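Every number here is computed from the coordinates shown, using simple stated rules; none is lab data. Quick caveat: nothing in here was measured; it's all calculated off a predicted structure. Cβ placement follows ideal geometry from the backbone for every residue including glycine, while neighbour counts extend to all protein chains displayed.
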Amino acid sequence: MVPECPAPLQAVDLPLLSQRGVALSLKREDLRFPQLSGNKYRKLKYNLEAARNQGFKTLLTFGGAFSNHLHATAAAGRQFGFATVGIVRGEELARSPLNPTLADARANGMQLVFLSREQYRMKDDPAFLQELQHRYGPAYVLPEGGTNALAVKGCGEILGEADQGFDLVCCPVGTGGTLAGLAQSARGRQRVQGYPALRAPGLETALKGWIPGPGWELVPGYHFGGYGKVTRELIEFMLAFREKTGIPLDPVYTGKMVFGILEEVRLGCFPEGMRILAIHTGGLQGIRGMNMRLQKKGLPLL
Ligand SMILES: *Cc1c(COP(=O)(O)O)cnc(C)c1O
């Protein structure tokens, strides 16, 4: 499908890290498939294969107004020859100009269907899915966020041979599909830490149900108020990080994770000599939409 080359590793050079004797590298999944937003292509890969094998010509999926998953599904559909239907949360969105995420999705050929929040809430209801199939299908259905068993399998390919020397692998967490894939493919003593991008008290228990075995944990406390929420502190951190390292982060996932990792380094949570690998899962396409919101709030732009 796409040439399989490993994502480049980039060492992060900051005085804080050398003071604490901790090494941090970012795995730039965002550079591998810029149009497909890092981990979202990983999650789609085996689903695209299954859709093709099952004879589907259309992919149908769900997402919010700034969804990386909708954006990536539209790009993948275009690249691999599927029609795409995006069910979007919020009927009010149909009445104003499309934001950059949805405009890209439409430019890649995605049919956008705007639903009220009430209707959207039925997205996993079998009868409702049947109705969508009837109206827009036959379609291969991907859940919101793109996480299913095949997505976890795809995320199991993020770590490669070259990553075995790291003691700890960190990733942001939305649905937990990426974390699950990493936890399954971590080697030996390697531990995996997930940084939730949302306020989710029950997340750990829910994830325990389907990420078997020990070796992984969640680090809550760096969600900055919830999913898609940002503060001046987070934005200023991201700007400073980009200036010092040249690495752009996204405001919904990777910005919060890297903030969390460096805060833990500052607090002395990691022993000297620790080698950390953080997965840059992409999401940079969302910066344009976030900047529209930052401007309204009078915050600095990314
Ligand atoms: C979707 C997404 C995540 C979260 O992945 P999950 O598998 O849902 O936990 C992390 N980072 C980026 C950039 C994403 O788009």
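Looking only at segment 155-170, count how many residues are within 14 Å of the ligand (Cβ to nearest atom) and either touching a Cys at 6+ places or on another chain (Cβ under 9 Å) or not β-branched (Val, Ile, Thr) (or both). The number of residues fulfilling the criteria is 5.
Return the residue satisfying two criteria in turn: it lies in segment 249-269 and is away from the ligand (no atom under 16 Å from the Cβ) and acidic (Asp, Glu), and of such residues it is surrounded by the most Cβ atoms within 10 Å (Cβ to Cβ).
264
Checking segment 117-139 against the condition returns a match, with at least one residue being aliphatic (A, V, I, L, M), in contact (Cβ under 8 Å) with a residue 60 or more places away in the chain and in a helix (DSSP H, G or I). Within segment 100-142, the only residue that satisfies the criterion of being surrounded by fewer than 18 Cβ atoms within 10 Å (Cβ to Cβ) and in contact with an Asp or Glu (Cβ under 7 Å, 6 or more places away or on another chain) is 116.
Suppose we filter 53, 47 for residues that are surrounded by fewer than 17 Cβ atoms within 10 Å (Cβ to Cβ) and either over 24 Å from residue 175 (Cα atoms) or more than 12 Å from the ligand (Cβ to nearest atom) (or both); which single one remains?
53
Going by the structure shown, is residue 25 free of Cβ contacts under 8 Å to residues at least 12 places away in the same chain and away from the ligand (no atom under 16 Å from the Cβ)? No; evaluated as a whole, the condition is false for this residue. Given the structure, is residue 272 more than 16 Å from the ligand (Cβ to nearest atom) and part of a loop (DSSP other than H, G, I, E, B)? Taking the combined requirement at face value, the residue satisfies it.
In segment 171-184, the residue that is nearest to the ligand (Cβ to nearest atom) out of those that are within 20 Å of residue 31 (Cβ to Cβ) and touching a Leu at 6+ places or on another chain (Cβ under 7 Å) is 171. Residue 165 - would you say it is touching a residue at least 60 places away in the same chain (Cβ under 8 Å) and assigned to a helix (DSSP H, G or I)? For residue 165, the condition - touching a residue at least 60 places away in the same chain (Cβ under 8 Å) and assigned to a helix (DSSP H, G or I) - is not met.
Being near the ligand (Cβ under 8 Å from one of its atoms), surrounded by 24 or more Cβ atoms within 10 Å (Cβ to Cβ) and among the hydroxyl-bearing types (Ser, Thr, Tyr) is the requirement here; does residue 147 meet it? Criteria not met by residue 147.
Any residue at all in segment 65-78 that's within 16 Å of the ligand (Cβ to nearest atom), hydroxyl-bearing (Ser, Thr, Tyr), in a strand (DSSP E or B) and under 20 Å from residue 139 (Cα atoms)? No - not one qualifying residue is present in segment 65-78.
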